[in-house]
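S.K.: A single structure is presented below for examination.
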């Protein structure tokens, strides 16, 4: 039987949390000043705090540390080329060797101050990194926020995991504060000045925005963090616009170094990995039936030895969250260069980033497909052309995504391979990829069949016109073409003869094209031996009848 521990007494000696927030970028206008979204952040201005992060592989080799090397060799070669690019040789240009990922970082935010509902005493967390990840040819950006703090209560850690990564409140409590959200979140600069504050309590703002735009409104402090990118449905002016692509709770990674990880109960582990928030000591966040098979579904216990000393490390993943728990007394677990803390911030971060990028990209393409279908007007020729062009572009992007970004395996190392698979299975990326591929293939087959149908109609019209001109062709050929010998006549007479022949020919050809459909039906009936002569003549009548336009 488990011993119920008090989360308020159990201390987390070192805590890290990394938020990943995938967002969909709206397409850029063809006549706009930007060719891709990341160009906006390349412009150095007072309104742009982001600066591109230099790749460790392109800088001074003396600054290339062992943790970078360990991160690199974790992945298979094709994943390495995706994450880091490849070396420039004689056979490759510098552009061909670049990584398809571009990272921009801002340094003006030093801390985040969180005020929880159960306490008026705020807690300051250090901002380790604030990054934006752009991906070549994929209209997705991922905001990465890494925070750190020392010597926290387990309940405070659980509350931070539960409340910090909320883009907007799902409802409001009786006191007017946002449900499941922090009471207050503040971005603080290095001088201690407040840069931006959350506004979860402004219920009218969120209600009016959804009523007006039919889209959720983002909290003010998250909007501040993403500028100069602006929310798509807002009234702000901006070249690069984004909108939400997933649930309002941001995926996260968490690292907890405690004195004795064996002091955590099954309920504590469940609350951490399922991000269920704090609860009563010894209680479970959900029912026993729901948590049946918890260890096999969410835990990777290859290095977890609760009956031994030391207990080892427990790794857990539910897709939405990845959690690492170990002993603060073990130097290997807390090592920033060669230890598990360094691996958490590098290898494990990328193992979590890749499947979430996969899911975001697939959802983005699915949304583009639905948008193209919604804009389609069957009876409008220009709309049909735009629809075909949009579907072709989506198909091209999906093919490039499949060959450049889509992986079933990322590593030969057993631990990395297992964690990647667990996360992908919980996110359902394989089934989402298969579903989207089938939808795009169905749409592509429809476009191909429509093109074949149009080509067949064109062939029918050409056949009718050829048949109509066959009589004149045979007649003139039999008579040697020159039925009227006017080669030696005056120029005006020859022009007159030419006009007398050309005008009826053009009219006859135009009439054959206009009436090609009923004429083709008549030719088909004429060749059918089962029809009587009267039926064959009746098939000629639609050629001369004028089709009445349908009533409005």
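S.K.: Just to check your reading of the model, which residue among 122, 77 is modelled with pLDDT of 90 or more and in contact with a strand residue (DSSP E or B) (Cβ under 8 Å, 6 or more places away or on another chain)?
M.R.: Within the list 122, 77, the selection yields 122.
S.K.: Identify the single condition in (1) more than 25 Å from residue 164 (Cα to Cα); (2) assigned to a loop (DSSP other than H, G, I, E, B); (3) without any contact (Cβ under 8 Å) to a residue 24 or more places away in the chain that residue 280 does not satisfy, given that it satisfies every other one.
M.R.: Just one mismatch for residue 280, condition (1).
S.K.: Here is a list of conditions, (1) touching a strand residue (DSSP E or B) at 6+ places or on another chain (Cβ under 7 Å); (2) surrounded by fewer than 16 Cβ atoms within 10 Å (Cβ to Cβ); (3) within 19 Å of residue 14 (Cα to Cα), and residue 301 meets all of them except one; can you say which number that is?
M.R.: (3)
S.K.: Now for a separate question. Tell me, yes or no, whether segment 207-225 has at least one residue that is over 28 Å from residue 352 (Cβ atoms) and either part of a strand (DSSP E or B) or in contact with a helix residue (DSSP H, G or I) (Cβ under 9 Å, 6 or more places away or on another chain) (or both).
M.R.: No, segment 207-225 contains no residue that is over 28 Å from residue 352 (Cβ atoms) and either part of a strand (DSSP E or B) or in contact with a helix residue (DSSP H, G or I) (Cβ under 9 Å, 6 or more places away or on another chain) (or both).
S.K.: Residues 182, 152, 161: which one is closer than 30 Å to residue 259 by Cα, in contact (Cβ under 8 Å) with a residue 12 or more places away in the chain, assigned to a loop (DSSP other than H, G, I, E, B) and touching a strand residue (DSSP E or B) at 6+ places or on another chain (Cβ under 8 Å)?
M.R.: None of the other options fit; the residue is 182.
S.K.: May I ask you to verify whether residue 157 is closer than 26 Å to residue 129 by Cα, under 23 Å from the mean Cα position of the chain (by Cα), crowded, with 17+ Cβ neighbours inside 10 Å and at pLDDT 95 or above?
M.R.: Values: closer than 26 Å to residue 129 by Cα: yes; under 23 Å from the mean Cα position of the chain (by Cα): no; crowded, with 17+ Cβ neighbours inside 10 Å: yes; at pLDDT 95 or above: yes.
It is false that residue 157 is closer than 26 Å to residue 129 by Cα, under 23 Å from the mean Cα position of the chain (by Cα), crowded, with 17+ Cβ neighbours inside 10 Å and at pLDDT 95 or above.
S.K.: Name the single residue that is surrounded by the fewest Cβ atoms within 10 Å (Cβ to Cβ) among those in segment 168-179 being in contact with a strand residue (DSSP E or B) (Cβ under 7 Å, 6 or more places away or on another chain) and in a loop (DSSP other than H, G, I, E, B).
M.R.: 179
S.K.: For residues that are touching a helix residue (DSSP H, G or I) at 6+ places or on another chain (Cβ under 6 Å) and buried (at least 17 other Cβ atoms within 10 Å of the Cβ), tally how many sit in segment 329-340.
M.R.: Adding up the residues that qualify gives 3.
S.K.: Still on this model: In segment 6-31, which residue that is over 18 Å from residue 218 (Cβ atoms) and under 22 Å from the mean Cα position of the chain (by Cα) is surrounded by the most Cβ atoms within 10 Å (Cβ to Cβ)?
M.R.: 18
S.K.: Oh, and also: Scan segment 226-239 residue by residue and report those that are closer than 22 Å to residue 195 by Cα and in a loop (DSSP other than H, G, I, E, B).
M.R.: Answer for segment 226-239, where residues must be closer than 22 Å to residue 195 by Cα and in a loop (DSSP other than H, G, I, E, B): 227, 228, 229, 234, 235, 236, 237, 238.
S.K.: Out of the residues in segment 29-56 that are touching a residue at least 24 places away in the same chain (Cβ under 8 Å) and touching a helix residue (DSSP H, G or I) at 6+ places or on another chain (Cβ under 9 Å), state the one that is nearest to residue 143 (Cα to Cα).
M.R.: Looking at residues that are touching a residue at least 24 places away in the same chain (Cβ under 8 Å) and touching a helix residue (DSSP H, G or I) at 6+ places or on another chain (Cβ under 9 Å), I get 50.
Residue-by-condition table, conditions (1) at pLDDT 90 or above; (2) over 32 Å from the mean Cα position of the chain (by Cα); (3) within 23 Å of residue 418 (Cα to Cα); (4) in a strand (DSSP E or B):
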{"site": "288", "(1), (2), (3), (4)": "yes, yes, no, no"}
{"site": "296", "(1), (2), (3), (4)": "yes, no, yes, no"}
{"site": "308", "(1), (2), (3), (4)": "no, yes, no, no"}
{"site": "316", "(1), (2), (3), (4)": "yes, no, yes, yes"}
{"site": "319", "(1), (2), (3), (4)": "yes, no, yes, no"}
{"site": "322", "(1), (2), (3), (4)": "yes, no, yes, yes"}
{"site": "329", "(1), (2), (3), (4)": "yes, yes, no, no"}
{"site": "332", "(1), (2), (3), (4)": "yes, yes, yes, no"}
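S.K.: Determine whether residue 201 is touching a residue at least 12 places away in the same chain (Cβ under 8 Å) and closer than 30 Å to residue 336 by Cβ.
M.R.: Numbers: touching a residue at least 12 places away in the same chain (Cβ under 8 Å): yes; closer than 30 Å to residue 336 by Cβ: no.
So residue 201 does not fit the description; no.
S.K.: In segment 104-149, which residues are part of a loop (DSSP other than H, G, I, E, B), farther than 18 Å from residue 222 by Cα and out of contact with any helix residue (DSSP H, G or I) (no Cβ under 6 Å at 6 or more places or on another chain)?
M.R.: Matches in segment 104-149: 117, 118, 119, 120, 121, 122, 136.
The values are calculated or read from the model by the stated rules, or taken from the named source; none is laboratory data. All values reported here derive from a predicted model rather than from experimental measurement. Backbone-built Cβ (ideal geometry, glycine too); neighbour counts: all protein chains shown.
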